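The values are calculated or read from the model by the stated rules, or taken from the named source; none is laboratory data. Values in this document were obtained by computation on a predicted structure and should not be read as measured data. As a convention, Cβ positions derive from the backbone with ideal geometry for all residues, glycine included, and neighbour counts pool all protein chains shown. Areas reflect the complete protein model, heavy atoms only, side chains present, ligands, DNA and RNA absent. Shrake-Rupley method; radii C 1.70, N 1.55, O 1.52, S 1.80 Å.
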Amino acid sequence: EAQVTQNPRYLITVTGKKLTVTCSQNMNHEYMSWYRQDPGLGLRQIYYSMNVEVTDKGDVPEGYKVSRKEKRNFPLILESPSPNQTSLYFCASSPMPPEISYEQYFGPGTRLTVT
Amino acid sequence: RKEVEQDPGPFNVPEGATVAFNCTYSNSASQSFFWYRQDCRKEPKLLMSVYSSGNEDGRFTAQLNRASQYISLLIRDSKLSDSATYLCVVTSGYSSASKIIFGSGTRLSIRP
């Protein structure tokens, strides 16, 4: 089944404790992206990747890191989480960048709470 | 001013009604437009892309008005299962300068 998977789905952590949210897609997509969704603000792009070893900042990259060592995986790393990073996070992938009118496929989301 | 704006709703309409909502965007150079549907606490899923000539998919019709910089979504004969939040998505730029902006969504509730 074609899908984007994220783990963990739910995470409660404390300020400053490094964490990684994994994202994997099995559709051989070139483009992958991370978003956060907060009430009233919609989804905001954190980082995106056009291909292996190519990553770029989105609108809200501060406090996050990503890597794209393999085509299928695009982990999101929070080196020192803070309470303002409490949010719902979505990973997405598409065959090519969305600006060429390609559909994005989203993972099920990771709800992160930082206390 | 937000780059992509939507009326948050909620729109509360009876089953069978026709409902329409708009999404305005500020960047005149935007090139791709989409409507996504998001059920409560679930991931967004593509409803339809929006093309310059307008497009229809069953009960759903999407329109693009570049002059006034808005896109619209029309739902005819609404069903209970149409209850969801509808997200407008606009992209601009290319390659490393690309930008993808989501509206904050319009909540639609269909009542029996």
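Here is how the numbers come out for the structure above:
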item: Inter-site label distance for A:Thr5 and B:Gln69 at 7 Å from Cα along Cβ, in nm; result: 4.3 nm
item: Highest to lowest packing among A:77-84, B:83-90, A:54-61, scored as the average C-beta count within 10 Å; result: B:83-90, A:54-61, A:77-84
item: Lys/Arg +1, Asp/Glu -1 at C-beta; the stretch A:9-115 dipole; positive extreme among A:Cys91, A:Gly42, A:Leu112; result: A:Leu112
item: Carbon + sulfur, % of accessible area of chain B - ligands and nucleic acids excluded, 1.4 Å; result: 47 percent
item: Charge dipole magnitude, Cβ of K and R +1, D and E -1 - the protein assembly as shown, Cα centre, debye nearest 20; result: 520 debye
item: A:Asn84 paired with B:Ser81, simple spin-label distance in nm, labels 7 Å along Cα-to-beta-carbon; result: 4.3 nm
item: Buried solvent-accessible surface, both chains (A, B), 1.4 Å probe, Å² to nearest 100; result: 1900 Å²
item: Accessible-area composition of chain A, carbon plus sulfur, in percent [1.4 Å probe]; result: 52 percent
item: 10 Å Cβ neighbours from other chains, averaged over peptide A:86-99; result: 3
item: Neighbour cut-off at most 14 other Cβ (10 Å), DSSP loop, chymotrypsin sites (Phe, Trp or Tyr not before Pro), the stretch B:1-83; result: B:Tyr51
item: Cβ neighbours within 10 Å from other chains - mean over A:49-59; result: 2
item: Of A:Lys69/B:Lys2; A:Lys18/B:Lys45; A:Lys17/A:Lys71, those spanning more than 32 Å from alpha-carbon to alpha-carbon; result: A:Lys69/B:Lys2
item: Per-residue mean of C-beta atoms belonging to partner chains within 10 Å, peptide B:99-106; result: 6
item: Spatially proximal aspartates and glutamates relative to B:Lys42 (Cα-Cα < 19 Å; intrachain offsets below 8 disregarded); result: A:Glu1, A:Asp38, A:Glu103, B:Asp82
item: Calculated from backbone phi, Karplus (6.51, -1.76, 1.60) coupling profile of the stretch A:67-79 in Hz, x at Gly/Pro; result: 8, 9, 8, 10, 4, 7, 10, 8, x, 10, 10, 10, 5
item: Cα-centre dipole for chain B with unit charges at Cβ (Lys and Arg positive, Asp and Glu negative), debye to 20; result: 180 debye
item: Cα-based shape type of the stretch B:21-79, given that a ≥ b ≥ c are square roots of the gyration tensor eigenvalues and the cut on a/c is 1.5; result: oblate
item: Neighbour cut-off at most 15 other Cβ (10 Å), DSSP loop, trypsin sites (Lys or Arg not before Pro), the stretch B:10-112; result: B:Arg41, B:Lys42, B:Arg59, B:Arg66, B:Arg76, B:Lys79
item: Using distinct alpha-carbon pairs, which all enter the 1/r mean, Kirkwood radius of the stretch A:17-81 in Å; result: 12.2 Å
